[in-house]
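The values are calculated or read from the model by the stated rules, or taken from the named source; none is laboratory data. Computed from a predicted model, the values in this text were never measured in an experiment. Neighbour counts run over all protein chains shown; Cβ positions are idealised from the backbone, glycine included.
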Amino acid sequence: MTMKSIAINILVFLSVMAVWSCRRQGGAETPQGNVTGNEYAKGFKISELSSGVRLLDIHDPEGVQAETFHYALIPRGSGLEAPEGYTAIEVPVRSVVCMTSLQLSNFIRLGLSDLVTGITSTRHLKDSTVNAQLRSGHTKKIGIEGNFDREVIMALSPDIILVSPFKRGGFEALRDAGAPTVPHLGYKELTPLGQAEWLKVTGLLTGHEREAAAAFDSIAVRYNSLKARVDSAAVASGRRPKVFSGEMRGGNWYAVGGRSFLAELFRDAGADYFLKDNTESGGVTLDYETVFAAASDADYWRIVNSHDGEYTYDVLRASDERYAGFKAWKDHGVIYCNMNEKPFYEKMPVEPDVILADFVSVFHPSLLPGREPVYYHLLDK
């Protein structure tokens, strides 16, 4: 064997060893791109190494918080390691603790409720499967934000704990529970479809990527199809009703800003939100006078609350006599959802197409004649 051929063989051997080392350690591979192709969600990116390890990078969809989170999703039993700077999570995960109803909604939508072994508040929980799991002990209550039962969480020994890290909820205490805390930032997305697209993250973590992608794609098709019909109708008629939202609580009026996903829903449903020029994406606190000046002439008023018994215009006025001064009260234009009766928080985040249709049925009823409301209905008395 010549010196040249020996040198070539050595180079080939070293190249093979380098590739093998990268696959074992994950330290020097270059991700192959955003493999999910998320179109609406701004808070996550998924890429893949040639070894089959997926990299999940999570950041604030609004770009306000600088902190980012990095996870390497390791095929269970593969023995592969996470690249530097990434927290390893073996997938598919087998047990999950959910801290919010939005997170839980993803598992319910994908038929994966059995993976949820811990949840927080159950006040408005309607899902029969999850309630049965609570009764049987398969799923445990782990306390509330700011007062988690750390011992219960540790006893559950979940594979991951889904958290909302930019809320004040005592999440730092969970870092010692023995499981990775993974942010689910769907609540910070600024569009309804962006929020729903976090289904793909849940699918990736649980080994149900195709199902999650198919579920989201069907949601997006229905949503965009109806939105296109609304846009055409609004242009043809020149009509965009005005809508406002919220109620007085403790001397303040609580609403959401003009960049929120709810404001986007109103726009897509062919209505003008009374704070459409506001630049806030989260909740806003206003005084009554400010709201009345901006919304006294609004056609519709969206209200979500938990009321025992029948909710009527008289019940609404009884909570504050000044409400009777709004055009929407006088003309019976209140769009209402009662969380005591509807699975609002546990399903709404992954059914933006259904919410959109509820609003369109009110704002432009000729587009969906005879449709029965699912979450919101127009109060008639």
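Within the option set ASP159, ASP149, ASP127, being outside the structural domain of TYR40 (by TED's automatic domain parsing), within 19 Å of LYS347 (Cα to Cα) and charged (D, E, K, R) holds for one residue only, ASP127.
A single entry from TYR40, TYR71 fulfils the requirement of being closer than 28 Å to GLU145 by Cα and of a type in the set (Ser, Thr, Tyr): TYR71. Within the option set VAL64, VAL91, VAL53, being among the aliphatic types (A, V, I, L, M) and modelled with pLDDT under 95 holds for one residue only, VAL64. Every condition in (1) touching a helix residue (DSSP H, G or I) at 6+ places or on another chain (Cβ under 9 Å); (2) surrounded by 14 or more Cβ atoms within 10 Å (Cβ to Cβ) is met by LYS330 except one, and the failing one is (2). Within region 63-100, the set of residues being under 22 Å from the mean Cα position of the chain (by Cα) and either of a type in the set (Lys, Arg) or loosely packed, with under 15 Cβ neighbours inside 10 Å (or both) comprises GLY63, VAL64, GLN65, ALA66, GLU67, THR68, ARG94.
Applying the set (1) of a type in the set (S, T, N, Q); (2) within 21 Å of the chain's Cα centre (by Cα); (3) surrounded by fewer than 18 Cβ atoms within 10 Å (Cβ to Cβ) to THR290 leaves exactly one unmet item: (2).
Screening the candidates ALA179, ALA255 for the property of being in the same structural domain as ALA294 (by TED's automatic domain parsing) and buried (at least 20 other Cβ atoms within 10 Å of the Cβ) yields one hit, ALA255. Name every residue in region 205-227 that is closer than 21 Å to MET348 by Cα and aliphatic (A, V, I, L, M), in order of residue number. Passing the criteria: ALA212, ALA213, ALA214, ALA215, ILE219, ALA220, VAL221, LEU226.
Within region 165-180, the presence of a residue that is at pLDDT 95 or above and in contact with a Lys or Arg (Cβ under 9 Å, 6 or more places away or on another chain) is excluded. Give the residues of region 63-87 that are without any contact (Cβ under 8 Å) to a residue 40 or more places away in the chain and outside any loop (DSSP other than H, G, I, E, B), sorted by residue number. THR68, HIS70, ILE74, PRO75 - these are the residues of region 63-87 that are without any contact (Cβ under 8 Å) to a residue 40 or more places away in the chain and outside any loop (DSSP other than H, G, I, E, B).
On inspection, LYS276 does not qualify as farther than 16 Å from VAL304 by Cα and buried (at least 19 other Cβ atoms within 10 Å of the Cβ).
GLU351 meets the conditions (1) surrounded by fewer than 17 Cβ atoms within 10 Å (Cβ to Cβ); (2) modelled with pLDDT of 95 or more in every case but one. The failed one is (1).
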